[in-house]
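A short reminder: the numbers here are calculations on the coordinates, not readings from a lab. Worth saying up front: this structure is predicted, and the values here are computed from it rather than measured. Note: ideal-geometry Cβ built from the backbone for every residue, glycine included; neighbour counts use all protein chains shown.
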């Protein structure tokens, strides 16, 4: 009769140890209030090179394959500045909402990608 207890104990310890091991690829998100706005900081580590990651995030027209992005089109390029028009669709309580936005990206290859909304339906959208 002691076998079921050992089996249960071993299974339970396996679950406990599995939960304690952190996943290095976990999404980390922090939302804080900054005056009348919210500041969202998110990070996600992936096992690719910095060069490959930068190529992925600067594939503006390829962003159409990401959830929520219906259209993404490069409007202009000048030096390290890129203007992109985007149409986003989200569902809130099963009701679809569309938002248009024009963003200006500043590319700092393999170091940073800064963005700021130049026109659109949100009051303020900026980050990097």
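For the reader, a short list of remarks on this structure follows.
- Least to most buried among 94, 54 (fewest other Cβ within 10 Å first): 94, 54
- With the highest mean first, a sort of the peptides 99-107, 118-126 on other beta-carbon atoms found within 10 angstrom per residue produces 99-107, 118-126.
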